[in-house]
Amino acid sequence: MSETAPDAVAAAKRLFARSCEFVAGAQTLDQIPTLSLPEIAFVGRSNAGKSSLINALTGRSALARVSHTPGRTRQINFFQLGDTLTLVDLPGYSFAKVSKALAAQWQRLIFDYLRGRPNLKRVILLVDARRGIMDVDDEAMSLLDQAAVSYLVVLTKADKLTAPERDAARTRTGFALRTHVAAYPDVLVTSSLTADGVDLLRCHIAALAG
Ligand code: GDP
């Protein structure tokens, strides 16, 4: 996943330039909407850079603003991209270490969402490139393995690393994925600051939209 045809990049850019509207927020199973478009969900530890990357992908700050609104950070937020895709912003999970009750609540909501979601094409799991996969990420990945949901690990904040450090992070992460059955084998390295890897991620997602 290191090179992409210019046509594919342009088509993916066009897709992400389309309108992107907030559709629904869900804190409980009964609030999770039934939607028919292909779906891509984003997840990661809080502070992994999820909002920044979604902004970089869509070129808008509206999505992240919604998801960072107090009261909405613990809910699943659904956005419709043009008439093509649903982008799903899943709540961050750093609290897993802090509070067992919150961790259990998070798992429950995520499980409720993942169950019976046939249009979910891929989960994009964001990991801070400087930290690599931590125990909580590993737990989240195991949950996705259990739910048999295909996920792509995307390293974020690559601008904070030198080129050799980036390569090492990618290799280390790829190695860690080998024990996870539902993980997509490639690892994408991105920076929302420099837009490195953002075109590639757009192409990956656009290909899933069909
Ligand atoms: P979220 O909690 O996962 O949504 O994370 P945010 O997108 O809010 O980012 C957390 C922090 O990391 C913020 O201070 C961002 O400015 C910073 N950040 C996010 N992405 C990048 C990046 O690509 N490069 C750098 N240098 N900082 C980033």
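The values are calculated or read from the model by the stated rules, or taken from the named source; none is laboratory data. It should be emphasised that the depicted structure is a prediction, and the values quoted were computed from it without experimental measurement. Reconstructed Cβ throughout: ideal geometry from the backbone, glycine too, with neighbour counts over all protein chains shown. Each accessible area value is taken on the protein alone, full model and side chains, heavy atoms only, with ligands, DNA and RNA left out. Shrake-Rupley method; radii C 1.70, N 1.55, O 1.52, S 1.80 Å.
A few notes on this one:
- Over the chain: helical MRE at 222 nm, DSSP H runs n ≥ 4 each giving -39500 (n - 2.57), nearest 500: -12000 deg cm²/dmol
- Theoretical gain in end-to-end length, A24 to A101 [0.36 nm per residue, Cα-Cα removed]: 25.2 nm
- Magnitude of the charge dipole, the chain, Cβ model with Lys/Arg +1 and Asp/Glu -1, debye to 20: 400 debye
- Residue-normalised convex hull volume from the C-alpha trace of the stretch 91-137: 79 Å³ per residue.
- Rounded if a/c under 1.5, otherwise prolate or oblate - the stretch 131-210, Cα gyration tensor axes: oblate
- Relative contact order for the chain: 25 percent, from Cα pairs under 8 Å spaced at least 6 residues apart, divided by residue count.
- Segment T171-R130, length gained on full extension (0.36 nm per residue, minus Cα span): 13.5 nm
- Whole-number D in µm² s⁻¹ for the stretch 157-201, Kirkwood Cα-pair radius fed into Stokes-Einstein, 4 °C, 1.567 mPa s: 115 µm²/s
- Share of carbon and sulfur in the accessible heavy-atom surface of the chain [1.4 Å probe, %]: 51 percent
- Per-selection Kirkwood Rh - the chain (Cα, Å, 1 d.p.): 17.1 Å
- For the chain, accessible area per residue (1.4 Å probe, heavy atoms of protein chains only), Å²: 48 Å²
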